[in-house]
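Trainee: I am attaching a structure below and will ask some questions about it afterwards.
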Amino acid sequence: MKEITRYQASWGAWYVQVLLDDGRRMELKFKEEPKVEEVEKVALSLPAVEILPEPPQLVELTVDTALAYLVEKMLSTDTVEKTKITAYITDMADELKVVEKSIAEVTK
């Protein structure tokens, strides 16, 4: 930790700007002028910053992307999950055939 600057505000509070070892810059507030040891104690007691993972990429949901996702899941999961996914795809394929027949009849 390295102290950058310290100053007293017009209302009496003391502020100390510090540069932490991990690169974070912070400004700490004290009621009275702090000693170097006090500043260091407070600065070192701050929790480490957790680096969050990147949010997942948004993908346009289409039949192709849904099927690609299901195929990827099937390759990376156990037998029970594969059975569920296969049953779901089969059910959806049967429903799509019914819709296709209905559309064909309407367009005639």
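Trainee: Just one of (1) surrounded by 10 or more Cβ atoms within 10 Å (Cβ to Cβ); (2) under 23 Å from the mean Cα position of the chain (by Cα); (3) among the polar types (S, T, N, Q) trips up GLN57, so point out which.
Mentor: Tallying (1) surrounded by 10 or more Cβ atoms within 10 Å (Cβ to Cβ); (2) under 23 Å from the mean Cα position of the chain (by Cα); (3) among the polar types (S, T, N, Q), GLN57 fails exactly one: (1).
Trainee: Go through the stretch 1-35 residue by residue and tally those that are under 37 Å from the mean Cα position of the chain (by Cα) and either surrounded by 14 or more Cβ atoms within 10 Å (Cβ to Cβ) or not hydroxyl-bearing (Ser, Thr, Tyr) (or both).
Mentor: Number of matching residues: 24.
Trainee: Quick one: LEU44 ticks every box in (1) in contact with a strand residue (DSSP E or B) (Cβ under 7 Å, 6 or more places away or on another chain); (2) not basic (Lys, Arg); (3) not in a loop (DSSP other than H, G, I, E, B) bar one, so which box is it?
Mentor: (1)
Trainee: Something else now. When you scan the stretch 77-91, how many residues do you find that are of a type in the set (Asp, Glu) and either in contact with a helix residue (DSSP H, G or I) (Cβ under 9 Å, 6 or more places away or on another chain) or surrounded by 10 or more Cβ atoms within 10 Å (Cβ to Cβ) (or both)?
Mentor: Of the residues in the stretch 77-91, 2 are of a type in the set (Asp, Glu) and either in contact with a helix residue (DSSP H, G or I) (Cβ under 9 Å, 6 or more places away or on another chain) or surrounded by 10 or more Cβ atoms within 10 Å (Cβ to Cβ) (or both).
Trainee: What is the one condition in (1) at pLDDT below 80; (2) on the phi > 0 side of the Ramachandran plot that GLY23 does not satisfy?
Mentor: Failing condition for GLY23: (1).
Trainee: Does VAL49 qualify as being at pLDDT 80 or above, surrounded by 10 or more Cβ atoms within 10 Å (Cβ to Cβ) and within 30 Å of TYR7 (Cβ to Cβ)?
Mentor: Details: at pLDDT 80 or above: no; surrounded by 10 or more Cβ atoms within 10 Å (Cβ to Cβ): yes; within 30 Å of TYR7 (Cβ to Cβ): yes.
It is false that VAL49 is at pLDDT 80 or above, surrounded by 10 or more Cβ atoms within 10 Å (Cβ to Cβ) and within 30 Å of TYR7 (Cβ to Cβ).
The values are calculated or read from the model by the stated rules, or taken from the named source; none is laboratory data. As the structure is a prediction and not an experimental result, all values here were calculated from the model. In this analysis, Cβ positions are derived from the backbone assuming ideal geometry, glycine residues included, and neighbour counts consider all displayed protein chains.
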